[in-house]
Amino acid sequence: MKKRVESSLSKTKELLENEYIKYNTIEAVSRTNLDPILIAKKYSDESISLICALFAYGNVTAIVKFLESLDFSLLEKSPELIEKKLANHYYRFQKADDVINLFKSLRKLKDIDSIETLFFEGYNKEESVLDGLEVVISKILTLENPHTKGYDFLVGRPPQKEKTAGQSTLKRWNMYLRWMIRKDNIDLGLWNDKPKKDLILPLDTHTFKVSHKLKLLKRKSYDLKSSLLITEKLQKFDRKDPVKYDFALYRIGQNNLL
């Protein structure tokens, strides 16, 4: 039984490694010219990248269209100009005020500290991504928090490390961290020389299903605990860089390789 499990894991690792190598090219992402990371790559800026990540839900065509409509130079402008220029911008659950408040929050944050510094202020306590996200999300919510459903969904809630069951997977935040910390042909690596070993898989419903089929997960609940469990399995394949398989998992499901 043990040998069968080890053989299965070995085959899964081989599949993931092959798909990672095959699709770790910007051409693979650019083929449809529809991915929010392509917008982020144009600017190579941590604040603009965060906006791209937080709005990365729903139909990818709609995501890219919305992101391309934004004037990111507003992150350097006055609150009054932000309100004026974004008065007619909205996306799915976010009304114009929600979009405005995110820009105003990140505009204020630039005068306080970098997102990178805030994240590692929390992370460095116990080398915990969740501690880092707790600091960043909590800080953003103190700057502009209109308490609307749209804004709450967009920014999310600070994670509670002690009880991950039932919590959001933090997919968009974990994807953002992947972009910022990892450096390869796809990910930006703007936060230079930072450890990749503790990153958490940006789990969405698609990769959740693929992970079950690959027997990387038995847990049925789609939550943060499942994200951590899958990441633990991926760490067995690459302890220093477990989330490099994120895009590979997506492609395996998309191409019906199972």
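Readers should treat all values here as calculations from the given coordinates under stated rules, not as data from a laboratory. None of the values given here were measured: they were computed from a predicted structure. Note that we place each Cβ from the backbone using ideal geometry, even for glycine, and neighbour counts take in every protein chain shown.
The simple spin-label model puts a point 7 Å past each Cα toward its Cβ; for Ser30 and Lys65 those points are separated by 2.4 nm. Of the GluC sites (Glu not before Pro) found in the stretch 115-145, those in coil by DSSP whose Cβ has at most 15 other Cβ atoms within 10 Å are Glu127. Each other residue within a Cβ distance under 13 Å of Tyr123 adds +1 if Lys or Arg and -1 if Asp or Glu, for a net charge of -2. Treating r as the C-beta distance of Lys240 and Asn88 and R0 as 35 Å, the FRET efficiency rounds to 0.15. The alpha-carbon of Lys110 sits under 14 angstrom from the alpha-carbons of these aspartates and glutamates, leaving out residues fewer than 8 places away in its chain: Asp45, Glu46, Glu76, Glu144.
Grab the other residues whose beta carbon is less than 14 angstrom from that of Leu257, score K and R as +1, D and E as -1, and report the net. That sum, taken over residues with Cβ under 14 Å, equals +2.
Other residues with beta-carbon under 11 Å from the beta-carbon of Trp173 carry, at +1 per Lys or Arg and -1 per Asp or Glu, a net charge of +3. As a rough footprinting exposure proxy, the listed residues Phe119, Phe66 were ranked by other beta carbons within 10 Å of their own, and the order from fewest upward is Phe66, Phe119. Cβ crowding within 10 Å, taken as a proxy for footprinting-reagent exposure, orders Phe103, Phe55 from fewest neighbours to most as Phe55, Phe103.
Exposure proxy for Thr169, Thr12, Thr117: other Cβ atoms within 10 Å of each Cβ, ordered fewest to most, give Thr117, Thr12, Thr169. Quantify how much of the Cα-Cα distance distribution of the stretch 55-167 extends past 20 Å, in percent. Counting pairs separated by more than 20 Å, the tail of P(r) holds 48 percent.
Using the Karplus relation 6.51 cos²θ - 1.76 cosθ + 1.60 with θ = phi - 60°, the per-residue 3J(HN,Hα) values for the stretch 153-169 come to 5, 5, 7, x, 10, x, x, 10, 5, 6, 9, 8, 5, x, 7, 4, 5 Hz, with x marking Gly and Pro.
Segment His147..Leu9, full-extension length gain: 45.2 nm, with 0.36 nm per residue of separation and the alpha-carbon distance subtracted. Our analysis of the stretch 3-122 gives Rg over Rh at 1.12, with the two radii drawn from alpha carbon positions and Rh computed by the Kirkwood formula. For the stretch 219-235, 3J(HN,Hα) computed residue by residue from phi via the Karplus equation (6.51, -1.76, 1.60; θ = phi - 60°) reads 4, 8, 7, 8, 8, 5, 4, 5, 4, 5, 5, 5, 4, 4, 5, 5, 5 Hz, glycine and proline entered as x. Database remark: amide H of Leu70 closer than 5 angstrom to no amide H (H placed geometrically; neighbours at sequence offset of 5 or more, or on other chains; Pro and chain starts carry no H).
Could you sort out which of Lys95/Lys213; Lys108/Lys161; Lys95/Lys240 sit more than 32 Å apart by Cα distance in this structure? From Lys95/Lys213; Lys108/Lys161; Lys95/Lys240, over 32 Å: Lys95/Lys213; Lys95/Lys240.
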